[in-house]
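Enquirer: Below you will find the structure I want to go over with you.
The values are calculated or read from the model by the stated rules, or taken from the named source; none is laboratory data. Everything numeric in this text was worked out from a predicted model, so none of it was measured. So basically every Cβ, Gly included, is an ideal-geometry build from the backbone, and we count neighbours across all protein chains shown.
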Amino acid sequence: MSAPSRADCAARDGSDPFADKRSLFALPDGVIYLDGNSLGALPEAVPARLDTVARSQWGRDLITGWSKGWMELPVRLGARIAPLIGARDDEVLAADSTSVNLYKLAAAALDARPGRRKILTQRDNFPTDLYMLEAVAKERGAELSRVPEGEFLDALDDSVALVVLTHVHYKTAAIWDMAAVCAAARAADALSLWDLAHSAGAVPLDLDGAGADLAVGCGYKFLNGGPGAPAFLHVARRLQDTLSTPLAGWMGHAEPLSFAADYTPAPGIARFACGTPPILGLSALDAALDAFDGVDTDALYAKAQALGDLFIGLTEGLPGLSLISPRDAERRGSQVAFAHPQAGAIMARLIARGVIGDHRPPDVLRFGLAPLYNRFADIFDAAAILAEEVRATETALSD
Ligand SMILES: *Cc1c(COP(=O)(O)O)cnc(C)c1O
């Protein structure tokens, strides 16, 4: 099969069911943005919403805004995120950062399994996950066990309170089989906690179908909520009233505005809130989520897989460049990553030429694929520029 031409790619863009979604985003001219898995692009709806919330709500309603919808935003946004992750509306809350949510849920899970003192995670998990879990374990006299992927299921014995995995790996994009891990965790009577940072808004998820217990995820990656956007947390309905958050703030109280001296947790997902919700950030995320209205996540993922296959096919055999993402699209999330000894220098050159991906030390080049706004022709152009830069590096080395 011959390599697709740029015209072939443009033709695919012409028949792309998501083609009209691109105009919902403000993308600078001359830039091919392949970093939507790190910071999603700006949705056009966001600046207008921020202006309205600031001027009409904050400016005019002042403190009465709290009784005109602000207070409900974390739960209402949770219900908007829920269908994207295969959860029920009342199982998700928009709140805090992913790191803080990891802490809250991991601590709650350990406290719910008092006879067990082990957290099991993947050896190469994302740094904040490892740091937070290490801190939770230390605080509670428990142990964090970092296990290589291939040994994971065997390590799941009756000492394990909690299994924590990042569903799509932040470097390689490798995907865990959520249903299989959840089944194994359930059989061992351990709880499961999933980090969906690189999954939500990118790959189809079925938390309820898989029997996942807990999850956290980012608002600023594929969900496009803006820099430092509020994150989300998921707690399966069956567990909500049995788990206790270690950060018992007043916003998780049954009656926050009663100013009671004693803490009584709210029923349901609301108990996992902590402090006053960030209304500007939540409003931006709310407007950003409009881009997902009517989006079928299976179709979205099918496009991401096709973009990834195209990128991989076009860069095959470049000297010194090796694919570290799964070649099989079914096992790959919404990004493509390569190793190259000169990864840092190559990415700096790509960014200077308008192709924005990122470098993950020491040697990883990572390209996020955001099917709401990345086009097949963009991938063709980015692959051509990557090929030029990789070959230029090779020439420089052999001089
Ligand atoms: C991006 C990312 C995070 C980010 O956590 P913050 O608290 O938002 O900084 C956490 N986990 C994973 C796997 C990530 O990729």
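Enquirer: Return a yes/no flag: does region 57-73 have any residue that is farther than 15 Å from T245 by Cβ, assigned to a helix (DSSP H, G or I), among the basic types (K, R) and out of contact with any Pro (no Cβ under 9 Å at 6 or more places or on another chain). Step through it out loud before you land on a result.
Expert: Initially, region 57-73 is screened for residues farther than 15 Å from T245 by Cβ, giving 57-73.
Now drop any that are not assigned to a helix (DSSP H, G or I), which leaves 57-67, 73.
Pick out the ones that are also among the basic types (K, R) and you get 60.
Then keep just the ones that are out of contact with any Pro (no Cβ under 9 Å at 6 or more places or on another chain); that gives 60.
Yes.
Enquirer: Kindly provide the set of residues from region 90-106 that are out of contact with any Pro (no Cβ under 7 Å at 6 or more places or on another chain) and away from the ligand (no atom under 11 Å from the Cβ), ordered by number.
Expert: Listed by number, the residues that qualify are D90, E91, V92, L105, A106.
Enquirer: Return the only residue of P361, P341, P326 being at pLDDT below 95 and surrounded by fewer than 22 Cβ atoms within 10 Å (Cβ to Cβ). Even if it seems obvious, please write down each step before you answer.
Expert: Details: P341 fails: at pLDDT below 95; P326 fails: at pLDDT below 95.
Going through P361, P341, P326 in turn, the sole match is P361.
Enquirer: Please go through region 28-51 and give me each residue that is within 23 Å of L280 (Cβ to Cβ) and either touching a residue at least 40 places away in the same chain (Cβ under 8 Å) or buried (at least 20 other Cβ atoms within 10 Å of the Cβ) (or both), ordered by number. Spell out how you get there, then give the answer.
Expert: Keep residues of region 28-51 that are within 23 Å of L280 (Cβ to Cβ), which gives 36, 38-51.
Residues satisfying the conditions are G36, S38, L39, G40, A41, L42, P43, A45, V46, A48, R49, L50.
Enquirer: Could you tell me whether P83 is away from the ligand (no atom under 11 Å from the Cβ), in a helix (DSSP H, G or I) and farther than 18 Å from P265 by Cα?
Expert: Details: away from the ligand (no atom under 11 Å from the Cβ): yes; in a helix (DSSP H, G or I): yes; farther than 18 Å from P265 by Cα: yes.
Yes: the conditions hold for P83.
Enquirer: Let me ask something else. If I filter region 182-193 for residues that are of a type in the set (K, R) and either within 16 Å of the ligand (Cβ to nearest atom) or in contact (Cβ under 8 Å) with a residue 40 or more places away in the chain (or both), do I get at least one hit?
Expert: No, that holds for no residue.
Enquirer: Also, I was wondering about something else. Filter region 296-351 down to the residues that are hydroxyl-bearing (S, T, Y) and out of contact with any Lys or Arg (no Cβ under 8 Å at 6 or more places or on another chain) and list them by number.
Expert: We begin by selecting, within region 296-351, every residue hydroxyl-bearing (S, T, Y); these are 297, 301, 315, 322, 325, 334.
Those that are hydroxyl-bearing (S, T, Y) and out of contact with any Lys or Arg (no Cβ under 8 Å at 6 or more places or on another chain): T297, Y301, T315, S322, S334.
Enquirer: Further, regarding this structure: Are there any pairs with C-beta distances below 6 angstrom linking a residue in region 61-76 that is under 17 Å from A287 (Cα atoms) and in contact (Cβ under 8 Å) with a residue 40 or more places away in the chain to a residue that is of a type in the set (V, I, T) and in a helix (DSSP H, G or I), with the two at least 6 apart or on different chains, and if so which?
Expert: Taking only residues 6 or more apart or on different chains, the pairs are W70/I279.
Enquirer: What's the total number of residues in region 366-399 that are over 25 Å from S15 (Cβ atoms) and either touching a His at 6+ places or on another chain (Cβ under 6 Å) or in a loop (DSSP other than H, G, I, E, B) (or both)?
Expert: 1
Enquirer: Sticking with this one: Would you confirm whether any residue within region 107-120 is within 11 Å of the ligand (Cβ to nearest atom), among the β-branched types (V, I, T) and in contact (Cβ under 8 Å) with a residue 12 or more places away in the chain? Let's see the steps before the verdict.
Expert: Here is the first cut: in region 107-120, the residues within 11 Å of the ligand (Cβ to nearest atom) are none.
No: zero hits.
Enquirer: Within region 269-291, track down each residue that is assigned to a helix (DSSP H, G or I) and either free of Cβ contacts under 8 Å to residues at least 24 places away in the same chain or over 30 Å from S23 (Cβ atoms) (or both).
Expert: Pass one, region 269-291, residues assigned to a helix (DSSP H, G or I): 269-272, 279-291.
Listed by number, the residues that qualify are I269, A270, R271, F272.
Enquirer: Which members of region 2-48 meet the condition of being closer than 12 Å to A288 by Cβ and in contact with a strand residue (DSSP E or B) (Cβ under 9 Å, 6 or more places away or on another chain)?
Expert: Residues satisfying the conditions are L24, F25, A26, G36, G40, A41, L42, P43, E44, V46, P47.
Enquirer: I'd like to verify a number: residues in region 292-331 that are without any contact (Cβ under 8 Å) to a residue 12 or more places away in the chain, more than 30 Å from V46 (Cβ to Cβ) and charged (D, E, K, R), how many? Please lay out each step first, then the result.
Expert: Initial filter on region 292-331 (without any contact (Cβ under 8 Å) to a residue 12 or more places away in the chain): 293-294, 296, 302, 316-317, 328.
Narrowing the set further to residues that are more than 30 Å from V46 (Cβ to Cβ) leaves 316-317, 328.
From the residues that got through so far, the ones that are charged (D, E, K, R) too are 316, 328.
Matching residues across region 292-331 total 2.
Enquirer: Sticking with this structure for a sec: When you scan region 244-254, do you find a residue that is assigned to a loop (DSSP other than H, G, I, E, B) and within 24 Å of S325 (Cα to Cα), even just one?
Expert: As a first pass, look at region 244-254 and keep what is assigned to a loop (DSSP other than H, G, I, E, B): 244-249, 254.
From what is left, the residues that are within 24 Å of S325 (Cα to Cα) are none.
No - not one qualifying residue is present in region 244-254.
Enquirer: When region 122-142 is examined, which residues are found to be more than 11 Å from the ligand (Cβ to nearest atom) and either β-branched (V, I, T) or touching a Gly at 6+ places or on another chain (Cβ under 8 Å) (or both)?
Expert: V136
Enquirer: So, in region 197-210, of the ones that are buried (at least 24 other Cβ atoms within 10 Å of the Cβ) and within 18 Å of D90 (Cα to Cα), which residue ends up nearest to the ligand (Cβ to nearest atom)?
Expert: Of everything passing the filter in region 197-210, A200 is nearest to the ligand (Cβ to nearest atom).
Enquirer: For D213, all conditions in the list (1) within 16 Å of the ligand (Cβ to nearest atom); (2) touching a strand residue (DSSP E or B) at 6+ places or on another chain (Cβ under 7 Å) hold save one; what is the number of the exception?
Expert: (1)
Enquirer: Can I ask one more? Of all residues being closer than 22 Å to D328 by Cα and out of contact with any helix residue (DSSP H, G or I) (no Cβ under 6 Å at 6 or more places or on another chain) in region 175-194, which is surrounded by the fewest Cβ atoms within 10 Å (Cβ to Cβ)? Just the residue, please.
Expert: First, the residues of region 175-194 that are closer than 22 Å to D328 by Cα: 175-181.
After this cut, where a residue has to be out of contact with any helix residue (DSSP H, G or I) (no Cβ under 6 Å at 6 or more places or on another chain) as well, the list is 176-177, 180-181.
Working: W176: 19, D177: 13, A180: 11, V181: 21.
Filtering first and then ranking leaves A180.
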